[in-house]
Amino acid sequence: MHTDVLIIGAGPTGLALALDLARHGAAALVVERGAELFPGSRGKGLQPRTLEVLDDFGVLDRVRAVAGYYPPNLFWRDGEPQGERTMYDPTEASEAEPYTETLMLPQWRTQQVLYERLRELGGEVAFGRELVGLTQDDQGVTAEFAVGGPVRARYLVAADGGRSTVRRLLGIGMTGETVDPSPMLVADVRVEGLGRDHWHVFQAEDGLLAICPLGGTEDFQLVAQFPEGAAVDLTLDGLREVVAARTHLAAEQVTELRWSSEFRPRAALADRFRAGRVFLAGDAAHVHSPAGGQGLNTSVQDAYNLGWKLAAVLAGRAEAGLLDSYEEERRANAAAMLELSTRVHRGEQRRGRATQQLDLGYRESALSVETRPDLPADALRAGDRAPDGRRGGTRLFDAFRGPHWTLLTVGTDTPLPAVTAPVVRIPAYRAYGTGVFLVRPDGYLGWAGATADGLAAYAGRQGLLAP
């Protein structure tokens, strides 16, 4: 079997990448070793920048229809509530940043939304395909599976999680640290007699236990910390025993166990995000503490960054060198998010503006060309996220939505080169200042100038000059 892109793993990373490639018209196959999509809640926070990606994918309304908001923490002691505290510092929405809330949605439900959209675009997932070997040459990659024949692809993307088989087969190491040596249990359960308006937090001698209502479901996510070296019982009886010992709830109030897992919080970064025609994305490239809700979100951003670049190269619109920018841009961002996750885990930083990922960008990237000298320190620059806004009857996110580049002029009638990208002209807008901006398919400014001088050369390198 042959395909343009073979994606190993049907988690949020793999599904987001396949969806994006489908929008671009690129042929991609997702293979998943499991018999179905991952069933647990593990990554449940959707940060504002990810909501913008989901808006671009056309599924934000579907997510909002089933997601919830993070409830305040309610702290308990000896069966009595001790007070509340919000999880996230609030940030006011604005015209430029319309989404500033963090939504709560279990990972399995997020995957359902992405998979549904992928299938609408003609994509599919091949379940029960466990990767056992891969080889590559100058023309492509051949993947071997425990069941079924080999697959030949021009490129392969590892989206197969923190224990990535692809990363192991490539011999790529990970550098990092154990954030907390204490084992942690996470489980999706049904609980009777516990309110759903709070994230319930119980502090006991044996460690923290927290029970959080999962928006859009009848489930709760239970997280429990254990002393270093302790054996963790992942069965229903084991969970009931922990709940009865650490809370005022009776064991029988935990009525059902739907999924459970054990882990130790760690922070690790792959030494490389690319080996030839193989790319690492998501947890295969970076493993986070769950504190701060950065793992799934950083992973989706990996897919969003890589998808349009693969599609451009596959279609012959861009040179293969464009793919070098994936590791350049994403590895630096992943490293920053790992540091942030670790600080949040250790109580050194609150969840707020820094965890929203709206300030992340690619100013230092070779793809970011800023031609305006002497800009103020707070000015929007090439490499920054392109703000939303409404001017002259145009909503910018509507104009940007889709797999295309967008040529935007703000407050200027300067002549433009003939490009294949849609051209949008709006009056002066404080979020941008004035000038000419070429917006990448992933919503970042690739080129910026006071006039269009020099734009044609950049657009030509991206395959955007009209014939």
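Quick notes on this structure:
- Residue match in the range 95-117 (condition: touching a helix residue (DSSP H, G or I) at 6+ places or on another chain (Cβ under 6 Å), at pLDDT below 95 and not hydrophobic (A, V, I, L, M, F, W, C)): yes
- Taking (1) open to solvent by 70 Å² or more (accessible area, probe 1.4 Å); (2) within 23 Å of G307 (Cβ to Cβ); (3) among the β-branched types (V, I, T) in turn, T50 satisfies each apart from (1).
- Options P387, P403, P417, P422: the member that is within 26 Å of the chain's Cα centre (by Cα), within 25 Å of A315 (Cβ to Cβ) and of a type outside the set (A, V, I, L, M, F, W, C): P403
- Strands (runs of 3 or more DSSP E) wholly inside the range 86-168 that include at least 2 residues being open to solvent by 40 Å² or more (accessible area, probe 1.4 Å) and under 23 Å from R42 (Cα atoms): none
- The range 431-444 - residue that is over 29 Å from the mean Cα position of the chain (by Cα) and open to solvent by 10 Å² or more (accessible area, probe 1.4 Å) and, of those, farthest from L465 (Cα to Cα): G433
- Checking each residue in the range 445-467 for being out of contact with any Asp or Glu (no Cβ under 6 Å at 6 or more places or on another chain) and open to solvent by less than 10 Å² (accessible area, probe 1.4 Å) picks out G446, W447, G449, L455, Y458, A459.
- Matching residues in the range 147-172 - criterion: being in contact with a strand residue (DSSP E or B) (Cβ under 7 Å, 6 or more places away or on another chain) and either free of Cβ contacts under 8 Å to residues at least 24 places away in the same chain or closer than 12 Å to V278 by Cα (or both): A153, R154, Y155, L156, V157, A158, A159, V166, R167, L169, L170, I172
- Of the criteria (1) open to solvent by 60 Å² or more (accessible area, probe 1.4 Å); (2) among the aliphatic types (A, V, I, L, M); (3) within 30 Å of G195 (Cβ to Cβ); (4) free of Cβ contacts under 8 Å to residues at least 24 places away in the same chain, which one A231 fails: (3)
- Output for the range 401-430, where each listed residue is without any contact (Cβ under 8 Å) to a residue 40 or more places away in the chain, open to solvent by 50 Å² or more (accessible area, probe 1.4 Å) and under 14 Å from P441 (Cα atoms): H404, P422, V423
- Qualifying residue in the range 59-81 (condition: open to solvent by 20 Å² or more (accessible area, probe 1.4 Å), among the hydroxyl-bearing types (S, T, Y) and modelled with pLDDT under 95): yes
- Hits in the range 343-379 (condition: at pLDDT 75 or above, open to solvent by less than 30 Å² (accessible area, probe 1.4 Å) and among the β-branched types (V, I, T)): T355
- Figure legend. Inter-residue proximity from the range 261-272: first residues free of Cβ contacts under 8 Å to residues at least 24 places away in the same chain, second residues open to solvent by 10 Å² or more (accessible area, probe 1.4 Å), beta-carbon distance below 7 Å, spacing 6+ or different chains. No pairs are indicated.
- Cβ-Cβ under 8 Å pairs, at least 6 apart or on other chains, the range 110-139 side free of Cβ contacts under 8 Å to residues at least 40 places away in the same chain, far side not in a strand (DSSP E or B): V132/A146; V132/T165; G133/L169
- Yes/no for D398 being open to solvent by 60 Å² or more (accessible area, probe 1.4 Å) and within 27 Å of the chain's Cα centre (by Cα): yes
- Looking across the range 2-41, just one residue is farther than 23 Å from G148 by Cα, open to solvent by less than 30 Å² (accessible area, probe 1.4 Å) and more than 19 Å from the chain's Cα centre (by Cα), and that is A26.
- Residue pairs meeting the criteria (Cβ under 7 Å; at least 6 apart or on separate chains; first closer than 14 Å to S365 by Cβ, in the range 322-341; second open to solvent by 30 Å² or more (accessible area, probe 1.4 Å) and not small (G, A, S)): Y326/R274; E327/R272; E327/R274; N333/L360
- Taken together, Y88, Y99, Y115 contain a single residue that is of a type in the set (F, W, Y), over 30 Å from V151 (Cα atoms) and within 18 Å of the chain's Cα centre (by Cα), which is Y99.
The values are calculated or read from the model by the stated rules, or taken from the named source; none is laboratory data. Keep in mind that this is a model prediction, so the values were computed, not measured. For neighbour counting, all protein chains shown are included, and Cβ atoms are generated from backbone atoms with ideal geometry for every residue, glycine included. Accessible surface areas use protein heavy atoms only, side chains included; no ligands, DNA or RNA. Shrake-Rupley method; radii C 1.70, N 1.55, O 1.52, S 1.80 Å.
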